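Asker: My structure is below; once you've seen it, I'll send some questions.
The values are calculated or read from the model by the stated rules, or taken from the named source; none is laboratory data. Bear in mind the structure is a predicted one, so any value in this text is a computation, not a measurement. Note: ideal-geometry Cβ built from the backbone for every residue, glycine included; neighbour counts use all protein chains shown.
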Amino acid sequence: MNAQQQKPIIGISIGDLNGIGAELIIKTLNDHRLLELCTPVIFASNKVINFYRKSVPDINFSYQSIKELNRVNFKQINIFNCWEEEVGITPGQLSDIGGKYAIKSLTMAVQALKENKIHGLITAPIHKKNTHSNEFNYTGHTPYLKHVFGVQDVAMLMVAGSFRVGLLSEHVPLAEAAKYVTRENILSKLNIINNSLIKDFGIDKPKVAVLGLNPHAGDEGLIGREEEEIIKPAIKDARHFMLAMGPYSADAFFARRQYEKFDAVLAMYHDQGLIPFKSLAIGEGVNYTAGLPVVRTSPDHGTAFDIAGKNKADNTSFLTAIFECIDIINRRHGYIESHRNPVKKVTPAILANVEDEKIEEDSNEE
C-alpha cells in the first residue's frame, strides 16, 4: 500500500438537499490541504454539487465523478453518484424531495462504511420531518446507525476539544425524558463513554461527571427522588469499572466551569447538555456517535433552511467534524495496534535479575 492509500477515505453524506449541507461541503473541501490528510468521497450527485457551486462563486471547486468506490482518486475530491436523475432543488424549503435524497445519500454512504469501502463518515444535517417514514423509521442518524451496525446501545457525544458532553436521552419529548433515567441506562451510557474516551480519545483513566435530573440535583430528595434512588446508586455501580462522579446540579456545574475538571459529562436529557455545550463550544462543536464499530461525526447544527443557498453558512463545525473523524480513526487504530502487540510488563523480579550488557572494546582503537 502506498502513502496515498494509507490516508483514510472519508465519506460525506449530502444531508437535506434544500439545507446548507452542500454549501458546507464545498466550502470545507475547498481547502485542499485536507487532501493531505484524507480522501473525501461525497455521496450525492454531481448535479447537486454543481447547483450549489453557483451560490459560492468565489470558490473554484473541482472534483472527480465516480460510479464505483474502487475507482476512488486519492489525489482529488470524489463524488460517488448515488442517482442520475434531475432533482428539484429549492433552497430553504422543507420538501419530500429534500428528505428522500438525503436518505438515499445516507443509506449508500452507511453501506459503504459497513463494507469498509470508506473508513469514516461525516453526515451533513437532515430534517426529521421529511426523512421519517415507514421505510426510514428513525428519529435521526444516531438510532439508524445503531440499528444498521447491530449494537445494543450508543451514546450521542458532543465534542469540542477536551470538552465532551454525552446524553442519556436524545430526541425525546421533555415530558418523557425522566422515563429514560434508569440505573441500566446510566450504566450503559457511562460504559460506552468510558470505553470511547480510552479507545477513541486516548485517555488512560477518564473522569466522567454525571448531572442530576432535577433542580439542584434534587436537594437530597426534596426536589425529586431520582438522584437518591437511581442516579447515585448507578454512579456507585459504575465506580467498579471507571471514575464516575456526581450527581451535580447542572446550572452550577457549567456556571462554575466544573466541566474543565472532567474528560466528559453525562447529561440526563437533550437540552440539559446541548444548551451549555453549544453556548461554550461557539460553533466548533462536533456530534460523535460513541459505541459504534465505525467512526461517524457530524456538525453540531441543523439544516439552517433560513440561510440555505445564500452563501452565509459557517463551515467551522463541519471542518472540525472532518478533523475529529480523522483523529478518532487514527487514535482507534493506534489503540488496536498497541493492544495487539502489548509491551511486556517488567516486574521487580525480572529487574532484579537483569545484568548490564557487556560492550566489547574495539581492539583496533588507538
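Asker: So which residues in region 128-145 are over 18 Å from Cys325 (Cβ atoms) and either under 12 Å from the mean Cα position of the chain (by Cα) or not in a loop (DSSP other than H, G, I, E, B) (or both), if there are any at all?
Answerer: Scanning region 128-145 gives Lys128, Lys129, Asn130, Thr131, Pro143.
Asker: Taking region 295-324 only, how many residues are of a type outside the set (S, T, N, Q), closer than 24 Å to Asn194 by Cβ and crowded, with 21+ Cβ neighbours inside 10 Å?
Answerer: 5
Asker: What residue, among those in region 172-184 that are free of Cβ contacts under 8 Å to residues at least 24 places away in the same chain and in a helix (DSSP H, G or I), is farthest from Phe241 (Cα to Cα)?
Answerer: Among them, the one singled out is Ala175.
Asker: If we scan region 293-307, do we find a residue that is within 11 Å of the chain's Cα centre (by Cα), of a type in the set (D, E, K, R) and at pLDDT below 95?
Answerer: yes
Asker: Can you name the number of the only condition in (1) surrounded by fewer than 16 Cβ atoms within 10 Å (Cβ to Cβ); (2) touching a residue at least 12 places away in the same chain (Cβ under 8 Å) that Glu85 fails?
Answerer: (2)
Asker: Now, a different point. Considering (1) surrounded by fewer than 20 Cβ atoms within 10 Å (Cβ to Cβ); (2) touching a Ser or Thr at 6+ places or on another chain (Cβ under 9 Å), say which one Gln111 fails and leave the rest.
Answerer: Gln111 satisfies every listed condition except (2).
Asker: Look at Ile198 and say whether it is surrounded by fewer than 21 Cβ atoms within 10 Å (Cβ to Cβ), in a loop (DSSP other than H, G, I, E, B), in the same structural domain as Leu274 (by TED's automatic domain parsing) and modelled with pLDDT of 95 or more.
Answerer: For Ile198, the condition - surrounded by fewer than 21 Cβ atoms within 10 Å (Cβ to Cβ), in a loop (DSSP other than H, G, I, E, B), in the same structural domain as Leu274 (by TED's automatic domain parsing) and modelled with pLDDT of 95 or more - is not met.
Asker: Six or more apart or on different chains, Cβ atoms under 6 Å: show the pairs whose first residue is in region 325-341 and more than 14 Å from Ile198 (Cα to Cα) and not assigned by TED's automatic domain parsing to the domain that holds Ile198 and whose second is hydroxyl-bearing (Ser, Thr, Tyr) and modelled with pLDDT of 95 or more.
Answerer: Once the first residue is more than 14 Å from Ile198 (Cα to Cα) and not assigned by TED's automatic domain parsing to the domain that holds Ile198 and sits in region 325-341, its partners that are hydroxyl-bearing (Ser, Thr, Tyr) and modelled with pLDDT of 95 or more give Cys325/Thr297.
Asker: Please give the number of the condition Ala160 fails out of (1) under 28 Å from Lys7 (Cβ atoms); (2) out of contact with any Asp or Glu (no Cβ under 7 Å at 6 or more places or on another chain).
Answerer: (2)
Asker: Is it the case that Ile203 is of a type in the set (A, V, I, L, M), assigned to a helix (DSSP H, G or I), crowded, with 16+ Cβ neighbours inside 10 Å and in the same structural domain as Pro247 (by TED's automatic domain parsing)?
Answerer: Against the criterion (of a type in the set (A, V, I, L, M), assigned to a helix (DSSP H, G or I), crowded, with 16+ Cβ neighbours inside 10 Å and in the same structural domain as Pro247 (by TED's automatic domain parsing)), Ile203 does not qualify.
Asker: Let me ask you something else. Does Leu197 qualify as being touching a helix residue (DSSP H, G or I) at 6+ places or on another chain (Cβ under 9 Å) and either on the phi > 0 side of the Ramachandran plot or touching a residue at least 24 places away in the same chain (Cβ under 8 Å) (or both)?
Answerer: No; evaluated as a whole, the condition is false for this residue.
Asker: Here is a list of conditions, (1) surrounded by fewer than 17 Cβ atoms within 10 Å (Cβ to Cβ); (2) modelled with pLDDT under 95, and Ser55 meets all of them except one; can you say which number that is?
Answerer: Condition (1) is where Ser55 drops out.
Residue by residue, here is whether (1) farther than 17 Å from Asp263 by Cβ; (2) of a type in the set (S, T, N, Q) holds:
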| site | (1), (2) |
| --- | --- |
| Asn185 | yes, yes |
| Asn191 | no, yes |
| Asn194 | no, yes |
| Asp200 | no, no |
| Asp204 | no, no |
| Val210 | no, no |
| His216 | yes, no |
| Leu222 | yes, no |
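Asker: Do we have Ile9 as touching a His at 6+ places or on another chain (Cβ under 6 Å) and of a type outside the set (Phe, Trp, Tyr) here?
Answerer: For Ile9, the condition - touching a His at 6+ places or on another chain (Cβ under 6 Å) and of a type outside the set (Phe, Trp, Tyr) - is met.
Asker: May I pose another question? Residue by residue through region 248-274, note down the ones that are hydrophobic (A, V, I, L, M, F, W, C) and more than 24 Å from Lys205 (Cα to Cα).
Answerer: Of everything in region 248-274, those that are hydrophobic (A, V, I, L, M, F, W, C) and more than 24 Å from Lys205 (Cα to Cα) turn out to be Ala252, Ala255, Leu274.
Asker: Among residues belonging to region 278-294 that are surrounded by fewer than 24 Cβ atoms within 10 Å (Cβ to Cβ) and among the hydrophobic types (A, V, I, L, M, F, W, C), point out the one that is nearest to Ala217 (Cα to Cα).
Answerer: My answer is Leu280.
Asker: Still on this structure, please answer the following. On the given criteria, is Glu220 in a loop (DSSP other than H, G, I, E, B) and either over 27 Å from Glu324 (Cα atoms) or modelled with pLDDT of 95 or more (or both)?
Answerer: Yes, satisfied.
Asker: So Gly150 passes all but one of these: (1) free of Cβ contacts under 8 Å to residues at least 12 places away in the same chain; (2) over 25 Å from Ile275 (Cβ atoms); (3) part of a helix (DSSP H, G or I). Which condition number does it fail?
Answerer: (3)
Asker: Does Val110 meet the test of being β-branched (Val, Ile, Thr) and under 29 Å from Ile231 (Cα atoms)?
Answerer: no
Asker: State the number of residues belonging to region 113-134 that are over 17 Å from Lys100 (Cα atoms) and touching a strand residue (DSSP E or B) at 6+ places or on another chain (Cβ under 6 Å).
Answerer: 6
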